[in-house]
Amino acid sequence: MLQNLPFYIALLLAAFVVLLLLWLAWRRPNRQRRAWRLLASAVAGVSLVLLVFPPATKQAVSPGTAILLAEGYNADTLRALLREFTAAPLLFSYHTPAAKAAPVPDLYTFRRQHPGLTKVHLLGYGLHQEELQALEGIAVEPHLSAAPAGMAALYWPENIFLGEPVEVTGTYISPGKSGAWLYLDAAGQARDSLEIPAGDTSAFTLRYTPRQEGRFIYTVTSKAAGGTDTLGRVPVQVRPGKQLGVLLLASSPLFEFRFLKNHLAGLRHRVAWRITISKGISQSEWLNMPRTSLDRLTPKLLQQFDLVVTEPQALQNLSAGERAALQRAVTADGLGVLTITNAPATNRSTAFFTSFQTKRVAPQDTRTTRASWEDNVTATATAAPYMLVNSAAVSVLVTEQNEQLLAGAKREGWGKVALSLVPQTFAWQLEGKEEIYASYWAHLLSEVAKQEVQETFWQLTLPQVPQPNWPVTLTYIDYSASGSALPSATVTSLADSALYIKMPLAQNPVQPTQYSGTFWPHRSGWYQVQAPGAPPYLFYVQDADDWDFTKIQARRQATLAYIAQTKASSEVAPVVYIEEPVPLIWFFVLFVLSSGFLWLEEKF
């Protein structure tokens, strides 16, 4: 083949062709444009020879090093990385378009086609855990891109009780040139909205209070200069309001306790009220519960209640045995005790329930202040001339100006004891502020009352937002498990009853009360997982394009975790030199132009 002739033969042939063309151009009688004829002849001769014997350049490459471009890679990062190499690495793209990069259909095929790879520079948002397994044994150096504008973090409760608000909280990165509005939509209407300033990363909270029980799908949308976009769905299960057992203990028929009794009874809570008329004489009332003797507090009686609301004098009037029974109910059974007072309790017999450090802040007997509690609800309240001294042991329930405490709680064993310096909340009802009154007491009850303890329950472990065709890990927790046999679990789709999956569970070797299983949903919608002896657990699989930021976060976290577990390679990548042919199109164009000039020049 001519291409295999020695270089010097090609050089001699090129010299002969060029000299021949130059001689022919020189000997023509017409001396006009002789210089141009000579130049065109030389170019035509050289380009013709180079078309027959194409030249090549030697390029240093590193076959053991590759650059893998994933979704979200930054072109500036790629250019800066390429400048660092003396030998060009192999360049590939994975599920993202990129010029001059060889596309990779899947990473297992990529690994088989390039068995000599020892190091991969990964650009973009990263790879999923399952994808990284294909690169096992290869050192991965990340060059991860920053999170794009849009949603960056998100949380909402899976379950709420009727009457509680759904709170969607998170972080949103607004585009640099224009701000954005976030909306929480329910039943086709915007229920709450918030503006995110331009170029700002802002924490946000969107709220909506459902008015009926059941399973609901809300949506979060964003509106910016580019239009309106549905960011994702918010699946929530609204359960019936929890019916608490509340025991009211008062030393006299106080208005505060009478209004509270009626309010709790109207919410279908079980309420018992014992009022001390005089020494040894008391009056009792029962609402939404069977009548039972309240003459003496006993462990059996206290087991019927989740919360005791009282005041210092009523505690002092209890016998030593009753106070001991009440204390044991707190520490051993998780009972909550809330004491309402307008002055610090100084009796040592009630110290277990009232030993909160206080500080006087006003000379008068009462004062008016602005009280605030959960969800930034604020209202004018009549308070005692004291404040609670904050400490690590005291959890905040109600505050006033300068974050001073009006009510706080302490953990005592399994239960809580709390003290409130707001003794006259019934005034809100007299002023027609029923919503303020209801919000205040709902907050105190939820924080202080006995917490429900479940021995068996399910949790959605990974991912935060399940989506079709990606693994979903569920964890079954059984505190009563003996560990002798693995529990069985089944997953069903509520939209397709024919979809019935038996999911095997594996016991956690470190925490033997936990069992985990994984399954792959193939469609969006509500799913239910069940295990014998445990209540069913419902979760929602979202559409593939919902909450894109969660996929980016998952890839980033999986990539960083993979790199932390693998050891960085200290081997120097080998360098080889390959011949890169010069494109023939340039020589062809030069040959055509120069030959065309010689032909036209001879004609004219």
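The values are calculated or read from the model by the stated rules, or taken from the named source; none is laboratory data. Predicted, not measured: the structure shown is a model, and the values here were computed from it. Neighbour counts run over all protein chains shown; Cβ positions are idealised from the backbone, glycine included. SASA here: full protein model, heavy atoms, side chains in, ligands and nucleic acids out. Shrake-Rupley method; radii C 1.70, N 1.55, O 1.52, S 1.80 Å.
Brief remarks on what is shown
- Restricting the range 286-309 to residues that are in contact with a strand residue (DSSP E or B) (Cβ under 6 Å, 6 or more places away or on another chain) and assigned to a loop (DSSP other than H, G, I, E, B), the residue that is farthest from residue 330 (Cα to Cα): 288
- Filtering 85, 110 for residues that are over 26 Å from residue 586 (Cβ atoms), out of contact with any His (no Cβ under 8 Å at 6 or more places or on another chain) and not in a loop (DSSP other than H, G, I, E, B) leaves a single hit, 110.
- Neighbours by Cβ (under 6 Å, 6+ apart or cross-chain): first from the range 463-491, part of a loop (DSSP other than H, G, I, E, B) and modelled with pLDDT under 90; second surrounded by fewer than 15 Cβ atoms within 10 Å (Cβ to Cβ) and not basic (Lys, Arg): 479/455; 480/455; 483/512
- Conditions (1) part of a strand (DSSP E or B); (2) open to solvent by 50 Å² or more (accessible area, probe 1.4 Å): number failed by residue 249: (2)
- All positions within the range 339-369 that are basic (Lys, Arg) and either under 20 Å from residue 424 (Cβ atoms) or open to solvent by less than 60 Å² (accessible area, probe 1.4 Å) (or both): 360, 367
- Those residues of the range 423-445 which are open to solvent by 50 Å² or more (accessible area, probe 1.4 Å) and free of Cβ contacts under 8 Å to residues at least 60 places away in the same chain, in sequence order: 430, 431, 433, 434, 435
- Taking every residue in the range 339-363 that is within 14 Å of residue 405 (Cα to Cα) and pairing it with any residue that is of a type in the set (A, V, I, L, M, F, W, C) and surrounded by fewer than 14 Cβ atoms within 10 Å (Cβ to Cβ), at least 6 positions away or on another chain, the pairs with Cβ-Cβ distances below 6 Å are 357/389; 359/389.
- The number of residues in the range 328-338 that are surrounded by 17 or more Cβ atoms within 10 Å (Cβ to Cβ) and without any contact (Cβ under 8 Å) to a residue 40 or more places away in the chain comes to 0.
- All positions within the range 500-524 that are more than 12 Å from residue 477 (Cα to Cα) and without any contact (Cβ under 8 Å) to a residue 24 or more places away in the chain: 500, 501, 502, 504, 509, 510
- Number of residues in the range 109-119 that are buried (at least 16 other Cβ atoms within 10 Å of the Cβ) and of a type in the set (Ser, Thr, Tyr): the value is 1.
- Considering the range 120-171, the residues that are assigned to a loop (DSSP other than H, G, I, E, B) and either in contact with a His (Cβ under 8 Å, 6 or more places away or on another chain) or of a type in the set (A, V, I, L, M, F, W, C) (or both) include one that is surrounded by the most Cβ atoms within 10 Å (Cβ to Cβ), namely 127.
- Condition broken by residue 288, with the remaining ones in (1) in contact with a His (Cβ under 8 Å, 6 or more places away or on another chain); (2) open to solvent by less than 30 Å² (accessible area, probe 1.4 Å); (3) over 19 Å from residue 444 (Cα atoms); (4) not small (Gly, Ala, Ser) satisfied: (2)
- Test result for residue 322, out of contact with any Leu (no Cβ under 6 Å at 6 or more places or on another chain), of a type in the set (Asp, Glu) and more than 30 Å from residue 543 (Cα to Cα): no
- Within the set 194, 206, the sole residue that is free of Cβ contacts under 8 Å to residues at least 24 places away in the same chain and under 30 Å from residue 465 (Cα atoms) turns out to be 194.
- Checking each residue in the range 521-539 for being small (Gly, Ala, Ser) and closer than 18 Å to residue 467 by Cβ picks out 524, 525.
- Given (1) open to solvent by 40 Å² or more (accessible area, probe 1.4 Å); (2) closer than 22 Å to residue 129 by Cα, number of the condition residue 485 does not satisfy: (2)
- Of 494, 462, all but one fail to be farther than 23 Å from residue 557 by Cα and not hydroxyl-bearing (Ser, Thr, Tyr); the exception is 494.
- Residue-level check: of (1) in a loop (DSSP other than H, G, I, E, B); (2) under 21 Å from the mean Cα position of the chain (by Cα), residue 526 misses just (1).
- Pairing each residue of the range 286-303 that is over 14 Å from residue 319 (Cβ atoms) with any residue that is part of a loop (DSSP other than H, G, I, E, B) and polar (S, T, N, Q), provided the two are 6+ apart or on different chains, yields C-beta distances under 9 Å for 286/292; 288/243; 289/304; 292/304.
- Within the range 189-207, if we keep just the residues that are open to solvent by 80 Å² or more (accessible area, probe 1.4 Å) and more than 12 Å from residue 166 (Cβ to Cβ), the residue that is nearest to the chain's Cα centre (by Cα) turns out to be 203.
- Identity of the residue in the range 453-462, out of contact with any Gly (no Cβ under 8 Å at 6 or more places or on another chain) and not in a strand (DSSP E or B), that ends up surrounded by the fewest Cβ atoms within 10 Å (Cβ to Cβ): 454
- Exactly one residue among 416, 450 is touching a strand residue (DSSP E or B) at 6+ places or on another chain (Cβ under 7 Å), in a loop (DSSP other than H, G, I, E, B) and crowded, with 16+ Cβ neighbours inside 10 Å, and that residue is 450.
Here's the yes/no breakdown for (1) closer than 25 Å to residue 549 by Cα; (2) at pLDDT below 90; (3) in contact with a helix residue (DSSP H, G or I) (Cβ under 8 Å, 6 or more places away or on another chain):
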{"position": "74", "(1), (2), (3)": "yes, no, no"}
{"position": "77", "(1), (2), (3)": "yes, no, no"}
{"position": "81", "(1), (2), (3)": "no, no, no"}
{"position": "104", "(1), (2), (3)": "yes, no, yes"}
{"position": "118", "(1), (2), (3)": "no, yes, no"}
{"position": "129", "(1), (2), (3)": "yes, yes, yes"}
{"position": "152", "(1), (2), (3)": "yes, no, yes"}
{"position": "158", "(1), (2), (3)": "yes, no, no"}
{"position": "161", "(1), (2), (3)": "no, yes, no"}
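- So residue 100, is it surrounded by 13 or more Cβ atoms within 10 Å (Cβ to Cβ) and charged (D, E, K, R): no
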